[in-house]
1. Are there any strands (runs of 3 or more DSSP E) wholly within the range 27-136 with 3 or more residues that are of a type in the set (A, V, I, L, M, F, W, C), and if so which?
2. Considering only residues that are buried (at least 21 other Cβ atoms within 10 Å of the Cβ) and free of Cβ contacts under 8 Å to residues at least 60 places away in the same chain, look in the range 258-289 and name the one that is nearest to GLU206 (Cα to Cα).
3. Please specify each residue of the range 77-125 satisfying the condition of being of a type in the set (A, V, I, L, M, F, W, C) and in contact with a Lys or Arg (Cβ under 9 Å, 6 or more places away or on another chain).
4. Residues LYS65, LYS117, LYS123, LYS145: which one is in contact (Cβ under 8 Å) with a residue 40 or more places away in the chain and out of contact with any strand residue (DSSP E or B) (no Cβ under 8 Å at 6 or more places or on another chain)?
5. If I ask for residues that are more than 20 Å from ILE68 (Cα to Cα) and assigned to a helix (DSSP H, G or I), which ones from the range 166-204 would you list?
6. Would you mind finding the one in LYS17, LYS38, LYS98, LYS49 that is over 20 Å from LEU372 (Cβ atoms) and either modelled with pLDDT of 95 or more or among the basic types (Lys, Arg) (or both)?
7. Within the range 216-240, can you find the residues that are surrounded by fewer than 19 Cβ atoms within 10 Å (Cβ to Cβ), modelled with pLDDT under 95 and farther than 21 Å from LYS413 by Cβ?
8. Taking the range 432-447, which residues are in a helix (DSSP H, G or I) and modelled with pLDDT of 95 or more?
Amino acid sequence: MIDHAIVWLREDFRLTKNRALFYAAKNHKYVSVIYLYKKNSFEDREAQKWLLFNSIKSFSKQLDKLRISLETLACNSYLEAFEKYFIKIKNCSFYWNKVYEPNYLKFDLDIAQILQKNEISYKIFKGNILNEPQEVKKEDGSPLKVFTPFWKRAEKIYLDKEYSAPDKIKVKEKKKILFKDQFNIEGILPKKTWYKKFENYWLISEEEAKKRLKKFIDGNLENYGKSRDIPSELGTSKMSVYLSAGLISAEEIFERCQNTKKGQGYRKYINEIGWREFSYSLINNFPIMIKKNLRKEFDNFPWAQNESHLKAWKKGLTGYPIVDAGMRELYEIGWMHNRVRMITASFLVKHLRIHWMEGEKYFRNTLLDYNLANNICGWQWVAGTGADAAPYFRIFNPILQGEKFDPKGTYVKKWIPELKNVPDKFIHKPWELNQKISNYPAPIVDHNEAREKALMGFQKIKK
């Protein structure tokens, strides 16, 4: 009988629905949890460093109450850590949950080979997803590229499974492993201190995630179908931040919603879980999407290279209030309302004709809820380059979008104080005022001209 289990922690900072941790605690006397910090894996994810730091801190406190130690180890690569340290630990088994990105799934196979070669027991468990990507296919075994049939099939597959009861994790004794490369988690935090603003908006823990979910289900779920599009209202759950670090599981969200009163709001909200599942399916069945357009005809699209326009977009200085408010919200709190994400993304790729990968890279760096699958597929959807993408002629009018979803400019005025005294009539087109607004720029492009140029570019590749 092997006494000691090591759980390799990645995106699983929770006790509920943490299959690897539950199995280890159930079958072993001692359990150690190890987080391997690979620096280059967070190279373009500055906001996520803050989320990771706080996730480790809160989860460590949870585990300590259960007599489980959480230790952090710096490494150049996961393979190096296993070969240098873990295979030398005697009388031990290894467990971990999957991360559904092609590179991570490859790591699983490579590390499994190392452990097998050294006759070390291990087990890999389902990660933070409803269904394994290979479970949801067409009848002929090919992947689905359209959301509605995918989600209809995926939902049925999951509902046919039995819901598991909440895991109760108990460990008999605490045991630490001391590695010479252990490091202080303070070293994870970004060098620039802009992230300190996040502390005004977010509490990071599994307890907080569950509390927010309950509050949303009890108070907002029923009206979610309407309120989710109004950026000035607290109509969304913000679960994406907690899902990103695995502070809560997609299964728990789905099951909690499934047990509530059904309605249009419920249906719309559950579909958001479906899009997350669909995105994971796409990047695993079509990994080319991570680096290139899924639709190859867009390789010939006449993208513009304009650093001043890109900089204005990042800083929220395009002259279009709803776009600028969204970009400033993102920088301030590491999150942006979903409706506004679509507007800001469409503005970049269609009004400015800047490649979607520039936007994807910036969101990767600034979003607390960054998720490779969602980010890639979301940007390709807006750009029209991906699967089940928005049609090329769908170009959001930032003026009309603002007037429709923020009619009184409540959201805009919150994030753009320069416009706080602008009348509602002009809040989404302040250039029509007779007076000049201090510190707020004129539009960097004309909407009608930009739209025509985008359509001309799309017509070229269509031919």
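1. It comes to 30-38, 69-75, 92-97.
2. Looking at the filtered set, the residue picked out is TYR269.
3. Of the residues in the range 77-125, the ones of a type in the set (A, V, I, L, M, F, W, C) are 79, 81-82, 86-87, 89, 92, 94, 96, 99, 105, 107, 109, 111-112, 114-115, 120, 124-125.
Of everything in the range 77-125, those that are of a type in the set (A, V, I, L, M, F, W, C) and in contact with a Lys or Arg (Cβ under 9 Å, 6 or more places away or on another chain) turn out to be ALA81, ILE87, PHE94, TRP96, VAL99, LEU105, ILE124, PHE125.
4. Details: LYS65 fails: in contact (Cβ under 8 Å) with a residue 40 or more places away in the chain; LYS117 fails: in contact (Cβ under 8 Å) with a residue 40 or more places away in the chain; LYS123 fails: out of contact with any strand residue (DSSP E or B) (no Cβ under 8 Å at 6 or more places or on another chain).
It is LYS145.
5. Listed by number, the residues that qualify are GLU186, GLY187, ILE188, THR193, TRP194, TYR195, LYS196, LYS197, PHE198, GLU199, ASN200.
6. Working: LYS38 fails: over 20 Å from LEU372 (Cβ atoms); LYS98 fails: over 20 Å from LEU372 (Cβ atoms); LYS49 fails: over 20 Å from LEU372 (Cβ atoms).
Checking each option against the conditions leaves just LYS17.
7. Result: ASP218, GLY219, ASN220, GLU222, ASN223, GLY225, LYS226.
8. Pass one, the range 432-447, residues in a helix (DSSP H, G or I): 432, 447.
Within the range 432-447, HIS447 is the sole residue that qualifies.
The values are calculated or read from the model by the stated rules, or taken from the named source; none is laboratory data. It should be emphasised that the depicted structure is a prediction, and the values quoted were computed from it without experimental measurement. Ideal geometry is used to build each Cβ from the backbone, glycine not excepted, and the neighbour counts take in all protein chains shown.
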